[in-house]
Amino acid sequence: MANTLNVSQALKAPGQVFPFSATIEVADADVFGETVRFSPAEATGTLLGAGETVSVRGELRCEAAMACARCLRPVAVPLRVEIDERFSRRTEGAEDDGETRAIVDSCIDLTDCARELLVLELPMRVLCSEDCKGLCPVCGADRNEVSCTCLEDAQSASEGTERPDDEEGRFAGEVTNPFSALKAMINSDEEV
């Protein structure tokens, strides 16, 4: 089975350290409404058996694909986390204590463990570059690629240098903002 390690040697030889290396396929995660994709994670470390439990210590490395907080371009974020987990054989009727994970048929599954550790390591927000200009709030163009004058036009319109060309308060050539209807409702003294 992928993402599993056979720990039978560690269970048979308590106190002895066994090195391991594994590639773990990590499922996409939904984090604050954004889908984060992970590259296959490389796990390296040691297994240490103690009776019916095995301690897994090591390191997990992969890349997460997240969206830039300003322009929504995909950004590759390198992740490196420490692994320090315990796995235990569960006897029938034993309760899950939340501290240890299950050993099933002398194998441990690192899938959930890896996903949880990587999600906790994700930054709150990422930028494609420090000088990212982001998206235009009026027309939605990527201002890193296109010179957009929507904000300057909106500022000159708010200063009263021009008069609107139509009854809805739009200027010639102005792109309709999806929030313009809300703005019109707020500006008029009607009850909503």
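The values are calculated or read from the model by the stated rules, or taken from the named source; none is laboratory data. Just so you know, these numbers come straight off a predicted model, no measurement behind them. Glycine gets a Cβ as well: all are built from the backbone with ideal geometry, and neighbour counts include every protein chain shown.
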Given (1) more than 16 Å from residue 77 (Cα to Cα); (2) outside the structural domain of residue 41 (by TED's automatic domain parsing), identify the lone condition not met by residue 127. (1)
I need a count of the residues in segment 78-90 that are closer than 23 Å to residue 124 by Cα and surrounded by 16 or more Cβ atoms within 10 Å (Cβ to Cβ). 3
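Would you say residue 36 is part of a loop (DSSP other than H, G, I, E, B), assigned by TED's automatic domain parsing to the domain that holds residue 106, in contact with a strand residue (DSSP E or B) (Cβ under 8 Å, 6 or more places away or on another chain) and in contact (Cβ under 8 Å) with a residue 24 or more places away in the chain? Before the answer, list the steps.
Values: part of a loop (DSSP other than H, G, I, E, B): no; assigned by TED's automatic domain parsing to the domain that holds residue 106: yes; in contact with a strand residue (DSSP E or B) (Cβ under 8 Å, 6 or more places away or on another chain): yes; in contact (Cβ under 8 Å) with a residue 24 or more places away in the chain: yes.
Here the answer is no, as residue 36 does not meet what is asked.
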